[in-house]
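Data first, discussion second: the structure below is written as C-alpha coordinates.
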Amino acid sequence: MVIWALAASFLCGPFRMVPVWAAETVEKTPSDPIEITADKLVTDNQNRSALFSGNVTAVQGNTKLTADELTILYKSKSSGESTGTNDIERLEAHGHVRIEFDNKLAVSNQAVYIIEERKLVLEGPGSKVISDQDEITGTKITFYRNDGRMMLEGDGQNRVKAVIHSDQRGLN
(Lines give C-alpha, C1' and ligand atoms only; values in the text may rest on other atoms or scores of the structure.)
Protein backbone atom coordinates (compact mmCIF):
# COMPACT_ATOMS: atom_id res chain seq x y z
CA MET A 1 0.00 0.00 0.00
CA VAL A 2 2.91 2.33 0.62
CA ILE A 3 3.88 1.82 -3.04
CA TRP A 4 1.08 3.87 -4.51
CA ALA A 5 1.36 6.37 -1.66
CA LEU A 6 4.93 7.08 -2.74
CA ALA A 7 3.89 7.64 -6.33
CA ALA A 8 0.90 9.73 -5.29
CA SER A 9 2.96 11.91 -2.96
CA PHE A 10 5.50 12.44 -5.71
CA LEU A 11 2.87 13.47 -8.22
CA CYS A 12 1.25 15.93 -5.86
CA GLY A 13 4.43 17.92 -5.25
CA PRO A 14 5.09 21.32 -6.79
CA PHE A 15 6.46 21.46 -10.34
CA ARG A 16 8.58 24.55 -9.59
CA MET A 17 9.09 25.29 -13.28
CA VAL A 18 7.13 28.52 -12.98
CA PRO A 19 4.82 29.71 -10.19
CA VAL A 20 1.80 28.85 -12.34
CA TRP A 21 2.63 25.14 -11.94
CA ALA A 22 2.83 25.22 -8.13
CA ALA A 23 0.51 22.61 -6.65
CA GLU A 24 -1.77 23.39 -3.78
CA THR A 25 -0.83 21.71 -0.53
CA VAL A 26 -2.81 18.53 -0.09
CA GLU A 27 -2.64 16.36 3.01
CA LYS A 28 -1.69 12.80 1.99
CA THR A 29 -2.08 9.81 4.22
CA PRO A 30 0.03 6.74 3.35
CA SER A 31 -2.67 4.60 4.97
CA ASP A 32 -5.24 5.58 2.30
CA PRO A 33 -6.36 2.36 0.65
CA ILE A 34 -5.06 1.61 -2.84
CA GLU A 35 -7.38 -0.04 -5.30
CA ILE A 36 -5.98 -1.52 -8.50
CA THR A 37 -8.39 -3.08 -10.96
CA ALA A 38 -7.52 -4.73 -14.26
CA ASP A 39 -8.67 -7.50 -16.56
CA LYS A 40 -5.69 -9.67 -15.57
CA LEU A 41 -2.93 -9.94 -12.94
CA VAL A 42 0.19 -12.07 -13.39
CA THR A 43 2.75 -12.29 -10.59
CA ASP A 44 6.27 -13.60 -11.11
CA ASN A 45 8.14 -14.37 -7.88
CA GLN A 46 11.34 -15.35 -9.68
CA ASN A 47 11.53 -12.03 -11.54
CA ARG A 48 10.02 -10.17 -8.56
CA SER A 49 7.25 -8.45 -10.49
CA ALA A 50 3.49 -8.09 -10.80
CA LEU A 51 1.83 -7.20 -14.12
CA PHE A 52 -1.69 -5.78 -14.20
CA SER A 53 -3.07 -5.67 -17.75
CA GLY A 54 -6.21 -4.65 -19.59
CA ASN A 55 -8.11 -1.52 -18.56
CA VAL A 56 -5.89 -0.86 -15.54
CA THR A 57 -7.09 1.65 -12.98
CA ALA A 58 -5.16 2.44 -9.79
CA VAL A 59 -6.66 4.86 -7.27
CA GLN A 60 -5.43 6.22 -3.95
CA GLY A 61 -6.97 9.32 -2.44
CA ASN A 62 -7.37 11.93 -5.17
CA THR A 63 -4.75 10.34 -7.44
CA LYS A 64 -5.90 8.10 -10.27
CA LEU A 65 -3.81 6.30 -12.88
CA THR A 66 -5.23 4.55 -15.92
CA ALA A 67 -3.19 2.59 -18.47
CA ASP A 68 -3.20 -0.51 -20.63
CA GLU A 69 -0.60 -2.12 -18.31
CA LEU A 70 0.95 -1.44 -14.91
CA THR A 71 4.05 -3.34 -13.81
CA ILE A 72 5.35 -3.31 -10.24
CA LEU A 73 9.02 -4.31 -10.00
CA TYR A 74 10.40 -5.32 -6.60
CA LYS A 75 14.00 -4.96 -5.40
CA SER A 76 16.23 -8.02 -5.71
CA LYS A 77 16.97 -9.93 -2.52
CA SER A 78 20.51 -10.17 -1.22
CA SER A 79 21.35 -13.58 0.22
CA GLY A 80 19.76 -13.98 3.61
CA GLU A 81 17.87 -10.70 3.25
CA SER A 82 14.14 -10.62 3.65
CA THR A 83 12.19 -8.31 1.36
CA GLY A 84 8.59 -7.41 1.97
CA THR A 85 5.85 -6.14 -0.28
CA ASN A 86 6.97 -2.55 0.38
CA ASP A 87 10.36 -3.11 -1.25
CA ILE A 88 9.37 -1.65 -4.60
CA GLU A 89 12.08 -0.58 -7.00
CA ARG A 90 9.90 0.97 -9.71
CA LEU A 91 6.45 1.27 -11.23
CA GLU A 92 5.97 1.19 -15.00
CA ALA A 93 2.75 2.12 -16.79
CA HIS A 94 2.38 1.50 -20.54
CA GLY A 95 -0.19 2.41 -23.15
CA HIS A 96 -2.64 5.31 -22.95
CA VAL A 97 -1.27 6.46 -19.57
CA ARG A 98 -3.32 9.12 -17.76
CA ILE A 99 -2.49 10.31 -14.26
CA GLU A 100 -4.97 12.65 -12.55
CA PHE A 101 -3.80 14.48 -9.42
CA ASP A 102 -4.57 17.82 -7.70
CA ASN A 103 -6.59 19.20 -10.63
CA LYS A 104 -3.78 18.26 -13.02
CA LEU A 105 -3.58 15.66 -15.76
CA ALA A 106 -0.44 13.91 -17.08
CA VAL A 107 -0.76 12.04 -20.38
CA SER A 108 1.88 9.87 -22.07
CA ASN A 109 2.54 6.54 -23.77
CA GLN A 110 4.71 5.41 -20.87
CA ALA A 111 5.33 6.49 -17.28
CA VAL A 112 8.09 5.14 -15.04
CA TYR A 113 8.44 6.02 -11.36
CA ILE A 114 11.75 5.10 -9.68
CA ILE A 115 11.14 4.94 -5.93
CA GLU A 116 14.65 5.50 -4.47
CA GLU A 117 15.45 8.37 -6.85
CA ARG A 118 11.94 9.79 -6.44
CA LYS A 119 11.89 10.38 -10.19
CA LEU A 120 8.97 10.17 -12.62
CA VAL A 121 9.60 9.96 -16.36
CA LEU A 122 6.79 10.43 -18.89
CA GLU A 123 7.80 9.29 -22.39
CA GLY A 124 6.35 9.27 -25.85
CA PRO A 125 5.45 11.84 -28.50
CA GLY A 126 2.96 14.35 -27.13
CA SER A 127 3.62 13.61 -23.45
CA LYS A 128 2.07 16.46 -21.51
CA VAL A 129 0.99 17.83 -18.17
CA ILE A 130 -2.08 20.07 -18.02
CA SER A 131 -2.90 22.37 -15.10
CA ASP A 132 -6.02 24.49 -15.60
CA GLN A 133 -5.32 26.33 -18.88
CA ASP A 134 -1.54 25.81 -18.69
CA GLU A 135 0.16 22.96 -20.54
CA ILE A 136 3.68 21.63 -21.03
CA THR A 137 4.47 19.16 -23.80
CA GLY A 138 7.56 17.16 -24.74
CA THR A 139 8.66 13.75 -25.94
CA LYS A 140 10.16 13.12 -22.51
CA ILE A 141 9.22 14.87 -19.26
CA THR A 142 11.29 14.08 -16.16
CA PHE A 143 10.28 15.21 -12.65
CA TYR A 144 12.95 15.12 -9.92
CA ARG A 145 10.99 15.03 -6.66
CA ASN A 146 13.99 15.52 -4.32
CA ASP A 147 14.84 19.01 -5.58
CA GLY A 148 11.74 19.98 -7.56
CA ARG A 149 13.47 20.13 -10.94
CA MET A 150 11.67 19.27 -14.13
CA MET A 151 13.24 18.63 -17.53
CA LEU A 152 11.40 18.51 -20.85
CA GLU A 153 13.02 17.06 -23.95
CA GLY A 154 11.98 16.95 -27.57
CA ASP A 155 13.19 14.66 -30.29
CA GLY A 156 14.36 15.41 -33.82
CA GLN A 157 10.77 15.95 -34.96
CA ASN A 158 9.06 17.53 -31.94
CA ARG A 159 10.23 20.43 -29.81
CA VAL A 160 9.20 21.12 -26.21
CA LYS A 161 6.32 23.53 -25.71
CA ALA A 162 4.85 25.43 -22.77
CA VAL A 163 1.60 27.37 -22.86
CA ILE A 164 1.30 29.52 -19.75
CA HIS A 165 -1.60 31.84 -19.04
CA SER A 166 -0.71 34.69 -16.73
CA ASP A 167 -2.65 37.56 -15.19
CA GLN A 168 0.49 39.63 -15.54
CA ARG A 169 1.77 41.33 -18.71
CA GLY A 170 4.45 38.75 -19.47
CA LEU A 171 6.32 39.64 -22.69
CA ASN A 172 3.96 42.46 -23.69
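The values are calculated or read from the model by the stated rules, or taken from the named source; none is laboratory data. Keep in mind that this is a model prediction, so the values were computed, not measured. Positions of Cβ are backbone-derived with ideal geometry, glycine not excepted, and every protein chain shown enters the neighbour counts.
So here's what we get for this one:
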item	result
Cβ pairs under 6 Å, 6+ apart, first in region 32-44 and surrounded by 12 or more Cβ atoms within 10 Å (Cβ to Cβ), second at pLDDT 85 or above and of a type in the set (F, W, Y)	I36/F52; A38/F52; L41/F52
Single match in D147, D167, D134, D155 (criterion: touching a strand residue (DSSP E or B) at 6+ places or on another chain (Cβ under 8 Å) and surrounded by fewer than 15 Cβ atoms within 10 Å (Cβ to Cβ))	D155
Those residues of region 92-127 which are under 22 Å from G61 (Cα atoms), buried (at least 17 other Cβ atoms within 10 Å of the Cβ), modelled with pLDDT of 95 or more and of a type in the set (D, E, K, R), in sequence order	E92
Members of region 96-123 that are touching a residue at least 40 places away in the same chain (Cβ under 8 Å) and within 21 Å of Y74 (Cα to Cα)	A111, Y113, I115, R118, L120
Extreme residue, nearest to H94 (Cα to Cα), among residues of region 124-172 that are of a type in the set (G, A, S) and free of Cβ contacts under 8 Å to residues at least 12 places away in the same chain	G156
Within region 123-168, strands (runs of 3 or more DSSP E) holding 2 or more residues that are touching a helix residue (DSSP H, G or I) at 6+ places or on another chain (Cβ under 9 Å)	134-144
Some residue of region 68-88 being modelled with pLDDT of 95 or more, within 17 Å of F143 (Cα to Cα) and buried (at least 19 other Cβ atoms within 10 Å of the Cβ)	no
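Residues checked against (1) more than 16 Å from L65 (Cβ to Cβ); (2) of a type in the set (D, E):
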residue: V121; (1), (2): no, no
residue: K140; (1), (2): yes, no
residue: G148; (1), (2): yes, no
residue: Q157; (1), (2): yes, no
residue: I164; (1), (2): yes, no
residue: D167; (1), (2): yes, yes
